[in-house]
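Asker: What follows is a structure written as structure tokens; I'll ask about it next.
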Amino acid sequence: MIKFDIITIFPDIFKSYFNESIIKRAQKKKVVKINIHNLRDYTKDKHKTVDDSPYGGGPGMVMKIEPIYRAVNALKKRKTKPAYRQGRNAKCKIILFSPKGKKFDQKMAKRFSKLDRVIMICGRYEGVDERVAKHIVDEEISIGDYVLTGGEIPAMIVLDSVTRLIPGVIALESLEEESFSLKNTKQAIGTNYEYPQYTRPEKFLKWRVPKVLLSGNHKKIKEWKEKRMKWHLSLGMGEDNYRFHDHEKLAHYADAAADIEFRFPFGFKELEGIHSRTDFDLSKHEEFSGKKLQYFDHEENKSYTPYVLETSIGLDRMFLAVFSNSLQEEELENGSTRTVLKIPAVLAPNKVAVLPLLKRDGLPEVAQKLVDELKWDFNVDYDEKDAVGRRYRRQDAAGTPFCVTVDHQTLEDETVTIRHRDTMEQSRVKLSEVKDIISKEVDMRYWLQKI
Ligand code: SAH
């Protein structure tokens, strides 16, 4: 249960909204508790003053800090009966509404839905004494780049969007498919919003519901779109580099078509096409071959010509996508640059380079021994030429995900330095662990398990 406390000088504003529909039910079910507090109850003077003129002049009035301070303090102390967590362990946030605050979004709503308590302060007039923002509240929130007359509507908006995310308020399935919260948010639909929805009638005036939504195939098509997108994302080339493009004009036999597009250096272009071709292909075969190509469904007790959903990926486009995305020129902290081929580890031609720090003291021999151990599992490069920094650069440019350096300490304690291409981070590991560490990143098996 989340407890909302709203501090306002216009408590009546909330009555009608919170006493209808889902928010009303949520209170009845004790999923949320809403308390509205009149800020004037926390004033001490006869006139119940909550505002005063600003220092330095200027138009309008500013809300005073003292009543707000008293109200928040009183609420923080208040012990109320119901079963929400109180005291030290309670996760509580104090929010002030203000146009200059952090922009409220679905992610924030999700975060708030995990709290035990939210105290919201609604401003009015020209705003609130800045010390409230500085010292009393945890977060300042804006609901958008425009100025309202008060924080009451923002409070309703936050309460509404948070409440509907609390388990039990609305059916789980409707939340899963919703705008902003889709898995792979942008990818799932091409934009950040839910699919357009339709309901009866199928035809109104001359406007029709899209054919694919009538057939029931769209669920399968959606599954395939997600499946294929997941495959692309598993390569780790950045979620923002992919999007769907749903075709509006369809081939005469198709009932849906979508592309997965990739952000090439020259813009988003098709990488893979997913086409729902209905029973066109097989029924044409039937027609010209004179042979029945039907499947008998025992459960339904009827025969039908199977539908084809064709998904086709371009190999050369994939190659270009991987290379254009992977080859990068990076500025380093010391001001120099490095060329690095950040190719997905599973595709890298060499998985590891073994580098003896020096060409003497027995280091090359130990390094060579490691090469002999690793070469059965991975393509291994061995390099002893030039300073180790230059060797790292060479391997970066060739896209080798790991460099293992053998140094004098290796001779003493059988440990080596392992360096990661992308982060350039180095860590000291046991010689015996090297194979496993590399395997986890480069092995086809681990990659496939991610899909
Ligand atoms: N003088 C201020 C506006 C004050 S509006 C300015 O120019 O920025 C009065 C109150 O309405 C604010 O204190 C705030 O609580 C609320 N409010 C107005 N617009 C808002 C918005 N976009 N988001 C959240 N709260 C808002």
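Asker: Restricting attention to the stretch 411-451, report how many residues are farther than 21 Å from residue 399 by Cα and open to solvent by 70 Å² or more (accessible area, probe 1.4 Å).
Answerer: Number of matching residues: 9.
Asker: If I ask for residues that are open to solvent by 70 Å² or more (accessible area, probe 1.4 Å) and free of Cβ contacts under 8 Å to residues at least 40 places away in the same chain, which ones from the stretch 1-39 would you list?
Answerer: 12, 15, 16, 19, 20, 21, 24, 28
Asker: Within the stretch 131-143, can you find the residues that are more than 13 Å from the ligand (Cβ to nearest atom) and either open to solvent by 70 Å² or more (accessible area, probe 1.4 Å) or in a loop (DSSP other than H, G, I, E, B) (or both)?
Answerer: Matches in the stretch 131-143: 131, 134, 135, 138.
Asker: What about residue 380, is it of a type in the set (Val, Ile, Thr), in contact (Cβ under 8 Å) with a residue 24 or more places away in the chain and surrounded by fewer than 19 Cβ atoms within 10 Å (Cβ to Cβ)?
Answerer: Answer is no for this residue.
Asker: Take the residues of the stretch 95-108 that are within 15 Å of residue 159 (Cβ to Cβ) and surrounded by fewer than 20 Cβ atoms within 10 Å (Cβ to Cβ): which is nearest to the ligand (Cβ to nearest atom)?
Answerer: Per the criteria, the residue is 108.
Asker: For the stretch 318-346, which positions are of a type in the set (Lys, Arg) and within 26 Å of the chain's Cα centre (by Cα)?
Answerer: Listed by number, the list holds a single entry, 342.
Asker: How many residues does the stretch 116-130 contain that are near the ligand (Cβ under 6 Å from one of its atoms) and hydrophobic (A, V, I, L, M, F, W, C)?
Answerer: Selection size over the stretch 116-130: 2.
Asker: Counting only residues that are of a type outside the set (Ser, Thr, Tyr), give me the strands (runs of 3 or more DSSP E) lying completely in the stretch 198-304 with at least 2 of them.
Answerer: 242-246, 256-264, 267-276, 295-297
Asker: Which of the numbered conditions does residue 358 fail, given that it passes all the others? Conditions: (1) out of contact with any Asp or Glu (no Cβ under 9 Å at 6 or more places or on another chain); (2) among the aliphatic types (A, V, I, L, M); (3) surrounded by fewer than 17 Cβ atoms within 10 Å (Cβ to Cβ).
Answerer: Here residue 358 meets the rest and fails (1).
Asker: Something else about it: What about residue 314, is it modelled with pLDDT under 95 and touching a Gly at 6+ places or on another chain (Cβ under 9 Å)?
Answerer: yes
Asker: Residue by residue through the stretch 144-165, note down the ones that are surrounded by 21 or more Cβ atoms within 10 Å (Cβ to Cβ) and assigned to a loop (DSSP other than H, G, I, E, B).
Answerer: 151
The values are calculated or read from the model by the stated rules, or taken from the named source; none is laboratory data. This is a predicted model, so every value here is computed, not measured. For neighbour counting, all protein chains shown are included, and Cβ atoms are generated from backbone atoms with ideal geometry for every residue, glycine included. For the accessible areas, the whole protein counts, side chains as well, though only heavy atoms, and no ligand, DNA or RNA atoms are used. Shrake-Rupley method; radii C 1.70, N 1.55, O 1.52, S 1.80 Å.
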